[in-house]
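A quick write-up on the structure given underneath.
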2 protein chains.
Amino acid sequence: MARTQGSHSDITGPRVRDAALRLFAQYGYAAVSMRQIAREVGVQAGALYNYTPDKQALLFSLLRGHMDELLEAWEAAPRPEGAVARLEGFVRFHIRFNLDRPEAIFISYMELRNLEPGNFAVIEAQRKRYESALEEILRDGQAEGAFSVPDTRLASYALIAMLTGVNTWYRAGGRLSIEEVADIYWDMVRKSVAIG
Amino acid sequence: MARTQGSHSDITGPRVRDAALRLFAQYGYAAVSMRQIAREVGVQAGALYNYTPDKQALLFSLLRGHMDELLEAWEAAPRPEGAVARLEGFVRFHIRFNLDRPEAIFISYMELRNLEPGNFAVIEAQRKRYESALEEILRDGQAEGAFSVPDTRLASYALIAMLTGVNTWYRAGGRLSIEEVADIYWDMVRKSVAIG
DNA sequence: GCTTGATCTGAACGGTTGTTCATATAACCT
DNA sequence: AGGTTATATGAACAACCGTTCAGATCAAGC
């Protein structure tokens, strides 16, 4: 059999990516086989190669797509006046964006080491671009006299780690809504960079 | 050939664990083969099974040993008066401990999903025990009126994530010493839970 | 209605995986 | 010195890996 009813590139393509994303997030890139992905899609392993040149390209494409989306969404976000308001915007944006796509976030942090060097460099540059947005806010706030952040580089690392950590414990339908979580985190972030 | 000069269980055993720790940290549990570990030790793959029943037990033993060491060290640490001082102690202890053994920390966070369910439960219980120490400090500080932390559970997650994040960027011999890093993090932590 | 091209199957490729085991050797004990 | 035992080899096992490809099948275009 081949080309069973309704099968089509427009359908199978995204399904391959979805299955790969889910499986990579759950078991890890190295632990997931192409046959496993194919089974999830309902297809033989060979058919996957209509949609990706190889397994590595599939991982890279997922990460690349995610980072593109992240940067695009961030650049489209409003840019209020004042470092404090911009920091609040960053915090809320980051938490919302991360909690909306936990699997993509997860593999973006876990599977970096499974990227070939060239692919790794691309993703790493994108990540740096995003993180430097936060550092810039901290620098501005320091210059404005709104923050007390002697080492903005280090503080940006600390805050990013704290915010990204939400994904390790948050479960939809839990005790708190996303907005409540964002409120609490924003409160801690605000104080951590405040003067005094 | 077998039993080449000076080879001994007391020597090979730790070398197997060291090699596994290093390789798991660098490439990930699933991506590392027993033959790779054996090569690093300078031995054939079969010989590894004198030191571990199987690959899974090797991973579990590494994580288990690490968590035991963590809990033991924490319980041996001084317990000063007052929640503020105890929080400072936790922050400095955590940063120092983590930066002292980056590989063990790394696999403890990355390879949890590669543990069989029973093994996972053991490690998870240990981690919870450690993290609840922080939450207890926050609760005490809240009761003392020294902190403003409405949700201590959530705040403990946030702080742990922030502190553990140090390992992703810190490199020995860099711009800052461990103590300088700890100073900066403690300043942020202190403010983030302060009143105001 | 026939042809063309996209899509999939199913088998095959060489290579690697974790693990076992009979066998050999070197170090220790008496 | 001789016997015992821990320790290692190296070959073998079945299973699985990523990837390729000829051939089958279906949908669409003329």
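Quick notes on this one:
- Relative compactness, the protein assembly as shown, computed as alpha-carbon Rg over 2.2 N^0.38 Å: 1.09
- Computed per residue of the protein assembly as shown from DSSP H runs no shorter than four, each worth -39500 (n - 2.57), the mean residue ellipticity at 222 nm is -22500 deg cm²/dmol.
- Going from the chain on its own to the full set of protein chains, the range A:92-119 has these residues losing 20 Å² or more of accessible surface (heavy atoms, 1.4 Å probe, no ligands, DNA or RNA): A:MET110, A:ARG113.
- Rounded FRET efficiency, nearest 0.05, which uses the C-beta distance separating B:GLU81 from A:TYR130 and R0 of 45 Å: 0.60
- If you take all other residues with their beta carbon under 13 Å from the beta carbon of A:VAL149, and give Lys and Arg +1 and Asp and Glu -1, the sum is -1.
- Counting every C-alpha pair in chain B, the share spaced more than 30 angstrom apart comes to 32%.
- Sites A:SER61 and B:THR168, calculated FRET efficiency, Cβ-Cβ separation with R0 30 Å, nearest 0.05: 0.80
- Of A:GLU88, A:GLU180, A:GLU135, the residue with the largest accessible area leads and the full order is A:GLU180, A:GLU88, A:GLU135 (1.4 Å probe).
- A convex hull fitted around the alpha carbon atoms of the range A:69-133 yields 82 Å³ per residue.
- Ordered from largest to smallest accessible area (heavy atoms of protein chains, 1.4 Å probe), the residues B:LEU70, A:LEU21 come out as A:LEU21, B:LEU70.
- The residues packed around B:PHE120, meaning those with a beta-carbon under 14 Å from its beta-carbon, carry a net charge of +1 if Lys and Arg are +1 and Asp and Glu are -1.
- Heavy-atom accessible surface that A and B bury in contact, both chains counted, 1.4 Å, Å² to 100: 2800 Å²
- A:SER33 accessible area, assembled protein chains, probe 1.4 Å, Å²: 50 Å²
- Residue-normalised accessible area of chain B, expressed per residue, 1.4 Å probe, Å²: 50 Å²
- The mean number of partner chain beta-carbon atoms within 10 angstrom of a residue's beta-carbon across peptide B:184-191 is 6.
- Surface accessible to a 1.4 Å probe, A:ASP18 within the full protein complex, Å²: 90 Å²
The values are calculated or read from the model by the stated rules, or taken from the named source; none is laboratory data. Since this is a predicted model, take the numbers as computed values, not measurements. A quick note on method: Cβ atoms are made from the backbone with ideal geometry, for glycine too, and the neighbour counts reach across all protein chains shown. Areas reflect the complete protein model, heavy atoms only, side chains present, ligands, DNA and RNA absent. Shrake-Rupley method; radii C 1.70, N 1.55, O 1.52, S 1.80 Å.
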